[in-house]
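Only one structure is covered here, and it is reproduced in the block below.
The values are calculated or read from the model by the stated rules, or taken from the named source; none is laboratory data. These figures come from a predicted structure and were not determined experimentally. No Cβ is skipped: glycine too gets one built from the backbone with ideal geometry, and neighbour counts run over all protein chains shown.
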Amino acid sequence: MDAMVGLVIVAHSRALAEALVGLVRQVASVEVPIAIAAGAGDGHLDFGTDAAEILQAIQEVDSPAGVVVLVDIGSAILSAEMALDFLPAEMRLRVVICSGPLVEGAIAAGVQASLGSDLESVCREAQQALVPKIAHLSGSTPENLPKVGEASASAGCTITVRLENLHGLHARPAARLVQIAAAYQAEVWVTNLTNGKGPVSGRSLNSLATLGAVKGSQLSLHASGPQASAALDALQRLVESQFGEETLEYSEPVKFLGPRRSPGNPHQGIALSEGIGLGPLFYYQPALPPLPDYQPDDPRVEWERLQKAIEAARFVLQARRQKLMLSLGNEKAAIFDAHLLILDDPVLLELARDRIYTAGQNAALAWHASLVEVATRYLSLEDPYQKRRRADVLDAGNQVLIALAGGASPGVISPPGPGILFAEELTPGEVSQLDPQSVLGLVTARGDKTSHSAILSRALGLPALSGIDLPGLGVEACSLVALDGFKGLLWINPEPEVQRELAVRRQQWIDERNRLLSRSHAPAVLRHGRRIEVAANVGSLADARAAAVNGADGIGVLRTEFLYLQRLTPPGEDEQCATLSEISRLAGKTPVIVRTLDIGGDKSLPYIHQAVEANPFLGVRGIRLSLAQPDLFMTQLRAILRAGADHDLRIMYPMIANVDEVLQAMALLEQAHQALVKEKLPHCWPIPAGIMIETPSAALLSQKLAEHVDFLSIGTNDLTQYTLAAERGNPRLADYLDALHPAVLCLVKEVVEAAHQYRKWAGVCGEVAADPLAVPVLIGLGVDELSMNPSDIPRAKEIIRDMDPAAATRLAEKALTCASAREVRDLTI
Ligand code: PEP
Ligand code: MG
């Protein structure tokens, strides 16, 4: 036998890679050359990948037949690409990094390589290795899948079917059709007999969409090839089962909350951030990097760049799909299957390839022009639902352009004029890039009050609500919309009278804010003389400025994640120290509590390897990650100590669940101090150190924890999600996520008592700290400090000054005996 294609398995885990090789050897008929590059550190016991090792593995199995490199996640791809860069040019041409899944792909590639197939076939087999699984799990029966050895050749056969599902061949049904068609050795062609469009390839999602096939359309499905009739049987069943869609799926345009209407006809959403906004509607499109206009020398290099960018985009979309699946279930997440198929679409790829090889364009220009060409075809469709799929094509395709520009993050998000911005969902990074001059309000389809995006909207003083799907309601861009962030109401094309009323309320809101602001620099003292510290939650330099303007008594939580997000490498010690010093300068003489890194949950970093977790909020998050990454943690501890040399800085550890974690963190802090002493670098020592109480375990152990720290700050956002077992940010669980739930209040009481027993102070820094109904309850429970969004400080101080402390105590006592958050909210002081 001639040389066989070799395989290289690149995985973060050595054990996984070794087991996989065993599996491949079991299924492949002859011994295929396989090498592994997996694990990091001594004995490869840590998780990670190493480009030098991958290079060596490739060289081990290289032959004229070539090498297929299969990779697992994230940095494995980057390491493999780096390894390829070091290969001699002639060898480089016969090595491919395959986009197939690691486990299924390795098995499929192993079998194919053992048959003596060429490089392209082995790689293609691996790439398609998930297709049978997708077809199976997406509803087709195992009998639908191609049977081994089935070879009855068919010259071609045709069937006619009628579409009965509500929106015809929209993205998900079309994606199902492509997946099923690809599972068979058959060429499938589809024609819309009702309007005469087609035939188009059954493997091209974009071409299928241009058929304009709606409910009631008659389609002709023609197949040829060895499994033509099996393919048609499976497709017929798919169409007859109405693509497995819930019958009512699209009968109501708003899937999240309603629409529930109240007088004046507003739609009811979830209130995220107070204020009134009125203006034309803008749909958020991620800002795209500028298109380069260079003339490439070698089209092969451009084509390869495009392939790599598509792989990177695929990774981003898969991560989004995973996130959505965890929060909203597989059915909703399936829209990303369509996005992923767009990246593989043969028509789109052919157009781009042609532009690169024939027109000599660079990868970005070629991809962009092809994308626009394909997306434009959607505009000619009659069905408005299908027309809107144009946005999906652009959305998925734009990820490739971003990847081609090196993953550069878009700049400030600014609509073309002042108006209301709609986005499916915004990441905290994107919210922080909103231009407050032009974004007068924000509407998102997803997100709840304690999501980090909502918190940021409040910090920006930006009226916001979620839970309303404006594209689903068919609202055109530039329509006039108005939102009430106090009550979560949204008006579409409001009557002139409603507009006038809302404009008046907007002005009142602004006037009231200014009135409170004029008094907010004085301390908040209760009538009997006890002072309550009202501090700010800060997550950027802009927040720190806002804290000072709003009269904060200090920074109660400096969320340091902003230093680490939106970049490809971790910030160094000097850089962190400089930013912390700048924030301290803005805080003037008031204390700054620096919370150490709280990554995990809904925030991740590209340069930190984190295994995919089924429940990221219950995973390696906050202090758990810092203790697992001592180098990263030590850099931060040193930066905090150094920035504290001439300012009242304090340190706080997030996500504590055990006493042991505190002791370990303190030991590392002591080490950081000793090192700085040795290096004769000025720093603050001793430094007051506290912890966040965010887990029920920490609240219940607060007696034990208080002994070791200087203060306890209760993070009710997380404490509520963990106490009620209801994920923050999940709009379907919004009713659970009320920190005034008596179970949460009982934990707050426990913590305050433990702190006071040790003469330490206890604060609350979750979103509830600024809730006007919650402020008296928390103060009645004995809380000493409230830390909140800077923009909420003036009102909170006013409430505290007006409050009767004895009545607050009675209110808190009553609240502890209530059965629900609703009951607590119905109590009056
Ligand atoms: C909290 O959990 O209440 C908190 C303040 O921390 P974060 O919102 O940053 O998780
Ligand atoms: Mg928290």
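General observations
- Residue ID - surrounded by the fewest Cβ atoms within 10 Å (Cβ to Cβ), chosen from residues in segment 580-606 that are more than 11 Å from ligand 1 (Cβ to nearest atom) and of a type in the set (D, E, K, R): K589
- Considering segment 620-715, the qualifying strands (runs of 3 or more DSSP E), each wholly inside and each with 3 or more residues that are under 26 Å from G600 (Cα atoms), within 14 Å of ligand 2 (Cβ to nearest atom) and hydrophobic (A, V, I, L, M, F, W, C), run over 689-693.
- Among all residues of segment 80-97, there is at least one that is surrounded by fewer than 20 Cβ atoms within 10 Å (Cβ to Cβ), part of a helix (DSSP H, G or I) and under 26 Å from the mean Cα position of the chain (by Cα).
- Residue within segment 686-696 that is closer than 16 Å to R559 by Cα, surrounded by 15 or more Cβ atoms within 10 Å (Cβ to Cβ) and among the acidic types (D, E) present: yes
- None of V751, V783 is buried (at least 21 other Cβ atoms within 10 Å of the Cβ) and farther than 27 Å from S518 by Cα except V751.
- Residue within segment 796-807 that is crowded, with 24+ Cβ neighbours inside 10 Å and either at pLDDT below 95 or of a type in the set (S, T, Y) (or both) present: no
- Of the residues making up segment 737-766, those that are closer than 21 Å to A819 by Cα and within 15 Å of ligand 2 (Cβ to nearest atom) are L737, A739, V744, L747, V748, V751.
- Among the candidates L786, L719, L740, residue that is assigned to a strand (DSSP E or B) and modelled with pLDDT of 95 or more: L786
- Among the candidates I656, I687, the residue that is of a type in the set (V, I, T), within 30 Å of T569 (Cβ to Cβ) and within 16 Å of ligand 1 (Cβ to nearest atom) is uniquely I656.
- Unique match (being closer than 27 Å to K797 by Cβ, of a type in the set (D, E, K, R) and under 24 Å from the mean Cα position of the chain (by Cα)) among E767, E727: E767
- The one condition from (1) out of contact with any Ser or Thr (no Cβ under 8 Å at 6 or more places or on another chain); (2) closer than 15 Å to T716 by Cα; (3) outside any helix (DSSP H, G or I) that K749 does not meet is (3).
- Filter result (within 18 Å of A319 (Cβ to Cβ), touching a strand residue (DSSP E or B) at 6+ places or on another chain (Cβ under 6 Å) and β-branched (V, I, T)) within segment 610-633: V620
- Condition check for E533: modelled with pLDDT of 95 or more and closer than 23 Å to P776 by Cβ: yes
- For segment 439-447, the criterion of a residue being within 16 Å of ligand 1 (Cβ to nearest atom), basic (K, R) and either crowded, with 23+ Cβ neighbours inside 10 Å or modelled with pLDDT under 90 (or both) is satisfied by no position.
- Search result, residues across segment 607-619 that are crowded, with 19+ Cβ neighbours inside 10 Å and more than 13 Å from ligand 1 (Cβ to nearest atom): Q610
- Which listed residue, of A524, A542, A552, A546, is under 25 Å from M652 (Cα atoms), out of contact with any Asp or Glu (no Cβ under 7 Å at 6 or more places or on another chain), modelled with pLDDT of 95 or more and away from ligand 1 (no atom under 16 Å from the Cβ): A524
- Candidates are the residues of segment 716-731 that are in contact with an Asp or Glu (Cβ under 6 Å, 6 or more places away or on another chain) and over 17 Å from G622 (Cα atoms); the one that is nearest to ligand 2 (Cβ to nearest atom) is G729.
- Scanning segment 202-241 for residues that are under 23 Å from L343 (Cβ atoms), polar (S, T, N, Q) and either assigned to a loop (DSSP other than H, G, I, E, B) or at pLDDT 85 or above (or both) yields S204, T210.
- Residue check for I77: touching a residue at least 40 places away in the same chain (Cβ under 8 Å) and either crowded, with 23+ Cβ neighbours inside 10 Å or part of a loop (DSSP other than H, G, I, E, B) (or both): no
- Figure legend. Inter-residue proximity from segment 82-94: first residues aliphatic (A, V, I, L, M), second residues surrounded by fewer than 15 Cβ atoms within 10 Å (Cβ to Cβ), beta-carbon distance below 8 Å, spacing 6+ or different chains. Indicated pairs: A83/A52; L84/R92.
- Every pair of residues 6+ apart whose Cβ atoms lie under 8 Å, when the first sits in segment 649-660 and is among the polar types (S, T, N, Q) and modelled with pLDDT of 95 or more while the second is part of a loop (DSSP other than H, G, I, E, B) and away from ligand 1 (no atom under 15 Å from the Cβ): N658/L701
- When residues of segment 575-599 are limited to those that are assigned to a loop (DSSP other than H, G, I, E, B) and under 27 Å from the mean Cα position of the chain (by Cα), the one modelled with the lowest pLDDT: I599
- Residue match in segment 175-195 (condition: part of a loop (DSSP other than H, G, I, E, B) and at positive phi): no
- Segment 711-746 - residue that is of a type in the set (A, V, I, L, M, F, W, C) and touching a strand residue (DSSP E or B) at 6+ places or on another chain (Cβ under 6 Å) and, of those, nearest to ligand 1 (Cβ to nearest atom): I714
- Qualifying position, being at pLDDT 90 or above and on the phi > 0 side of the Ramachandran plot, among G275, G329: G275
- Of the residues making up segment 600-617, those that are within 16 Å of ligand 2 (Cβ to nearest atom) and either at pLDDT 80 or above or of a type in the set (A, V, I, L, M, F, W, C) (or both) number 5.
- Selected residue [in contact (Cβ under 8 Å) with a residue 12 or more places away in the chain, among the small types (G, A, S) and within 16 Å of ligand 2 (Cβ to nearest atom)] from A734, A769: A769
- Residues (away from ligand 2 (no atom under 16 Å from the Cβ), more than 21 Å from A762 (Cβ to Cβ) and part of a loop (DSSP other than H, G, I, E, B)) located in segment 524-574: R527, S540, N550, G551, Q566, R567, L568, T569, P570, P571, G572
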